[in-house]
Structure formats: structure tokens, C-alpha cells
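Here's the structure we're looking at; comments come further down.
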Amino acid sequence: MRMLMMVRLPHETFNLAVRDGSVERKMQRILDEIQPEAVYFTEMNGQRNAMLIVDLKNPAQIPALSEPWFLTFNANVEFHVVMRPQDLQEAGLENLGRKWA
């Protein structure tokens, strides 16, 4: 199942990694390990964030995806199911609309 993995990176821990020069190595190690489909970095509410698209075949994968962020950066991690346009087309919205109208 395709998931949006949202990672909130705390200032103090991330700043320390930036200052000591280890941030790129740490980030690359995590990304190499979890191999997301896509990764985007942004700011949200004044905090650094990473948004990753991952394929979750089994809920047992959640620790392998999130623990590197927890243990490396003391980050907060959330998972949200996402759909591609093709997935939405297969959802049968018209039938659901008729059923629940």
C-alpha cells in the first residue's frame, strides 16, 4: 500500500548534525536503507520536514521505516495512505455516491 510518510525533524538534533558535518551522511544512510519511491524536503509550521512515498506491503515494515528517523534525529513520524489517480478511478466513487445519496 502506498503511504505518505511525514517526518518532522526537531531543530536541536538536526542542527547538531548540520554543525558537526554528519547530516548528509546520516540522511543518505536512512534513504539508502528504506528506499522510498520519492522524497521531498520542506518546511511546515517553522520546522524541517521530509515527505516520503513508501510502499508498505505489511504493517510489520513500519519500524524498519520509522526507527532510523527516531534513532538518528529524534524525529516524529506519521503514515498516511495515499492514492494515485488510477487508484481513485478504481475506488468506485460513482457507485458509492448512488449508494449513499
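The values are calculated or read from the model by the stated rules, or taken from the named source; none is laboratory data. Here the structure is a predicted model, which means the values were calculated and not measured. Reconstructed Cβ throughout: ideal geometry from the backbone, glycine too, with neighbour counts over all protein chains shown.
With respect to Glu94, is the statement that it is modelled with pLDDT of 95 or more and not aliphatic (A, V, I, L, M) true? For Glu94, the condition - modelled with pLDDT of 95 or more and not aliphatic (A, V, I, L, M) - is not met. State whether the residues of the range 67-75 include one that is assigned to a strand (DSSP E or B), closer than 14 Å to Ile34 by Cα and of a type in the set (D, E, K, R). Looking for residues that are assigned to a strand (DSSP E or B), closer than 14 Å to Ile34 by Cα and of a type in the set (D, E, K, R), one finds none in the range 67-75, hence no. The single condition from (1) touching a residue at least 24 places away in the same chain (Cβ under 8 Å); (2) under 17 Å from the mean Cα position of the chain (by Cα) that Gln28 fails is (1).
Checking Ile62, Ile53 one by one, the residue that is surrounded by 13 or more Cβ atoms within 10 Å (Cβ to Cβ), β-branched (Val, Ile, Thr), in a helix (DSSP H, G or I) and in contact with a strand residue (DSSP E or B) (Cβ under 9 Å, 6 or more places away or on another chain) is Ile62 and no other.
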